[in-house]
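Read-outs: derived from the displayed coordinates by stated rules, not from any lab. Values in this document were obtained by computation on a predicted structure and should not be read as measured data. Here the Cβ positions follow ideal geometry from the backbone for every residue, glycine too, while neighbour counts run over all protein chains shown.
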Amino acid sequence: GAGVSQSPRYKVAKRGQDVALRCDPISGHVSLFWYQQALGQGPEFLTYFQNEAQLDKSGLPSDRFFAERPEGSVSTLKIQRTQQEDSAVYLCASSPPPWTGDLMNTEAFFGQGTRLTVV
Amino acid sequence: DAKTTQPTSMDCAEGRAANLPCNHSTISGNEYVYWYRQIHSQGPQYIIHGLKNNETNEMASLIITEDRKSSTLILPHATLRDTAVYYCIVRVAYNTDKLIFGTGTRLQVFP
């Protein structure tokens, strides 16, 4: 596709329910990031993958949050036993390899996000 | 924590230049200044980045002071579609590096 695709676009979950959020990055992008954005705040980093390897998960708020990217393309962010404070927009971003010929690639491309509401 | 400070909000008349300031007094020598913007209900969008020289592209211009402790993003002819939250971020240039967003500047362009 032309851009980063996230699904579902909106998700309402009952407290205690498990949810899975999907991210389809731009084809060929090796880096993939997940961010959490609370209402009125800037996005906050959750985790980072380079291909299938999860190199940084320092931003995951608790062990209820789990992310995977088993084949180095599509990624899933899973939240177990959701709580009301998990309500937020979850953004996925991907980046191409660092270099394309002599051109350094530095831009991250974001999806539209999944708005999760826990009731 | 974000390494930048920005005004919370700004207004600009349509057709006029919008000048968005950013302070980054603790920037390191290998860190670039990046600007992203986020239009309502969309993901952030890259605008421009620079190290120490002024930069210009089809979207905006970036003016970085000589001491690199502050910068200004300039939208030369603001339109209503430029209404968004603008984030100033400092980071090394590797696209394997995460972005650390602050709360940004909410720019309102009015007719």
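Check A:Asp24 against each of (1) in contact (Cβ under 8 Å) with a residue 40 or more places away in the chain; (2) over 30 Å from B:Thr105 (Cα atoms) and name the one condition it does not meet. Condition not satisfied by A:Asp24: (2). Of all residues in region A:89-119, those being within 24 Å of A:Gln41 (Cβ to Cβ), among the polar types (S, T, N, Q) and more than 7 Å from every other protein chain (Cβ to nearest Cβ) number 3.
Identify all residues within region B:5-56 that are among the basic types (Lys, Arg) and either within 11 Å of B:Thr72 (Cα to Cα) or crowded, with 18+ Cβ neighbours inside 10 Å (or both); write none if there are none.
Just the residues of region B:5-56 that are among the basic types (Lys, Arg), to begin with: B:16, B:37, B:52.
The one that is among the basic types (Lys, Arg) and either within 11 Å of B:Thr72 (Cα to Cα) or crowded, with 18+ Cβ neighbours inside 10 Å (or both): B:Arg37.
Counting the residues of region B:98-111 that are more than 9 Å from chain A (Cβ to nearest Cβ) and either part of a loop (DSSP other than H, G, I, E, B) or under 21 Å from A:Leu46 (Cα atoms) (or both) gives 1.
Of the residues making up region A:81-100, those that are farther than 21 Å from B:Lys98 by Cα, touching a strand residue (DSSP E or B) at 6+ places or on another chain (Cβ under 7 Å) and surrounded by fewer than 20 Cβ atoms within 10 Å (Cβ to Cβ) are A:Gln83, A:Gln84, A:Ser87. The strands (runs of 3 or more DSSP E) found wholly in region B:6-72 and carrying at least 3 residues that are of a type in the set (A, V, I, L, M, F, W, C) occupy B:9-13, B:18-23, B:61-64.
Kindly establish whether B:Ala78 is touching a Phe, Trp or Tyr at 6+ places or on another chain (Cβ under 8 Å) and farther than 24 Å from A:Gln37 by Cα.
Considered against the rule, which asks whether it is touching a Phe, Trp or Tyr at 6+ places or on another chain (Cβ under 8 Å) and farther than 24 Å from A:Gln37 by Cα, B:Ala78 comes out as no.
Summed over region B:9-39, residues that are within 11 Å of chain A (Cβ to nearest Cβ) and more than 13 Å from the chain's Cα centre (by Cα) total 1.
Every residue, every condition in (1) hydrophobic (A, V, I, L, M, F, W, C); (2) on the phi > 0 side of the Ramachandran plot, yes or no:
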| position | (1), (2) |
| --- | --- |
| A:Gln41 | no, no |
| A:Arg69 | no, no |
| A:Gly72 | no, yes |
| A:Ile79 | yes, no |
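Taking region A:24-86 as the region of interest, the strands (runs of 3 or more DSSP E) fully inside it that hold 1 or more residues being in contact with a Leu (Cβ under 7 Å, 6 or more places away or on another chain) are A:31-37, A:44-50, A:65-68, A:75-79.
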